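Working notes, structure below.
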Protein chains: 2
Amino acid sequence: MNQPSPTEAPAQRRQRADGRRSRDAILDNAARLATVEGLEGLSIGRLAEHTGMSKSGLYAHFTSKEELQLATIERAQEIFEAEVLSPARTQADGLHRLWALSDEFLSHLERQVFPGGCFFAAVGAEFDTHPGRVKERIGVFIEEWVGELMAAASAAQQAGELPPDPDPEQLIYEVDALLLMAHAAYTMYGDPALLERARVGLARLLGPRPD
Amino acid sequence: MNQPSPTEAPAQRRQRADGRRSRDAILDNAARLATVEGLEGLSIGRLAEHTGMSKSGLYAHFTSKEELQLATIERAQEIFEAEVLSPARTQADGLHRLWALSDEFLSHLERQVFPGGCFFAAVGAEFDTHPGRVKERIGVFIEEWVGELMAAASAAQQAGELPPDPDPEQLIYEVDALLLMAHAAYTMYGDPALLERARVGLARLLGPRPD
DNA sequence: GTGAAACACGAACGATCGTGCTGACTAATC
DNA sequence: GATTAGTCAGCACGATCGTTCGTGTTTCAC
């Protein structure tokens, strides 16, 4: 029934439970460490040491370092979804959603979900000058994030919660600028007041939080 | 007369003209390459190859890689002063100066003074999670840059060119956020429209350009 | 013009990088 | 319970890393 038809390429080697657990642990560490050491600066050896396994044992889970980097991005995306996107999506579309996305983003910086701030801002800054599959994936995720912000902004304008004047692209550019600045400033100096400044700026762009 | 008193530690080994030229060439290449490869990712060997000299010959100019990095930052600062700060300082203090600083910054991105965008945004993102002398120097320069922006904003408020409402710290936080976003977006996607969005945002913060 | 010192090179160092291979061990399948 | 294959460690590889040293070569001060 649910077994793949024999004509289809299986391609997927069957996976053992302990292997799945190891791979998860590796990628959890990789996603968090990458915001500190960088996605390229993070070496297989140090990641293995940090995960408590041998270099070759760890490497057996991936076919190359680039594959490890891509898998790490995927894991970081899951973490971001769980910590930022999902909580914000409980809010109604429109201005509530837009504020929630911004607040949850700033909250995940403050809670240090990643020790180096926003994963995608960190590795994006690292790979913006390194064309290839890794940069592409990061670029795609950022576009999705911006798309989600823009959808909420459009809905807010449609509902009359926001003036139509700055079109959503411009508005979200400025919102995202404040969020990026919050990441950069807070990671560099560690002062929570630098997160608060972003909230003040958001209030000027979006008006005070609804409710 | 202008020779150092013999009791003073000479400390400074006398320098030959060709050596000075070599060192300048090294640091010019280093400052520009660092925005692409990263200040840590830039290796002595590749920098030597790019400069057209041997690895050991290049290294003889510095006592360690960290010293090379610090000298590179100093050189980048000189370039930034020449390309951004000096031109803007020809404008009168206040709103004119503030707009000039912003415009010259965006212009130096567009002219690709550094191939990887803003040097200090790039290496700042790399070293924000690496405490040490390099991070400190970067942090100090950013504070000076922000200080210059804030001084212009204060003068503009004093002159009645800007409302006193957002205090200079908050205002410059938002200005700098737009400039940082311009760097990040333009470096990642290469679309000049992303620089124009920053200008539009600046106009909302500062009002239209004077004159 | 001569001597001292700055300069630049080649060779080499120990360490670490990403990447393979081999072979025990062990969990899942029949 | 035997077979299969996923898991993971040990070892080793070529390359590259930052760094040092010794040795010619070139510039500059006297």
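The values are calculated or read from the model by the stated rules, or taken from the named source; none is laboratory data. Just so it is clear, the structure is predicted and the values come from calculations on it, not from any experiment. All Cβ positions, glycine included, derive from the backbone under ideal geometry; neighbour counts span all protein chains shown.
Odds and ends about this structure:
- Checked against (1) charged (D, E, K, R); (2) crowded, with 18+ Cβ neighbours inside 10 Å; (3) modelled with pLDDT under 95, residue B:165 passes all but a single condition, namely (2).
- The residue of the stretch A:61-95 that is farthest from residue A:211 (Cα to Cα), among those that are away from DNA strand C (no atom under 16 Å from the Cβ), aliphatic (A, V, I, L, M) and surrounded by 17 or more Cβ atoms within 10 Å (Cβ to Cβ), is A:76.
- Matching entry among B:98, B:109, B:33, B:39 (being hydrophobic (A, V, I, L, M, F, W, C), more than 14 Å from DNA strand C (Cβ to nearest atom), crowded, with 21+ Cβ neighbours inside 10 Å and assigned to a loop (DSSP other than H, G, I, E, B)): B:39
- Filter result (closer than 18 Å to residue B:175 by Cβ and without any contact (Cβ under 8 Å) to a residue 40 or more places away in the chain) within the stretch B:104-122: B:104, B:107, B:108
- Helices (runs of 4 or more DSSP H) enclosed by the stretch A:47-89 - at least 2 residues per element that are in contact with a helix residue (DSSP H, G or I) (Cβ under 9 Å, 6 or more places away or on another chain) and within 16 Å of DNA strand D (Cβ to nearest atom): A:55-59, A:65-80
- Any hit, the stretch A:183-192, residues being part of a helix (DSSP H, G or I), within 23 Å of residue A:40 (Cα to Cα) and polar (S, T, N, Q): yes
- The sole residue among B:162, B:171 that is in contact (Cβ under 8 Å) with a residue 60 or more places away in the chain and either facing another protein chain (nearest Cβ under 9 Å) or touching a helix residue (DSSP H, G or I) at 6+ places or on another chain (Cβ under 6 Å) (or both) is B:162.
- Residues that are within 11 Å of chain A (Cβ to nearest Cβ) and surrounded by 15 or more Cβ atoms within 10 Å (Cβ to Cβ) within the stretch B:131-142 comprise B:135, B:138, B:139, B:142, listed in sequence order.
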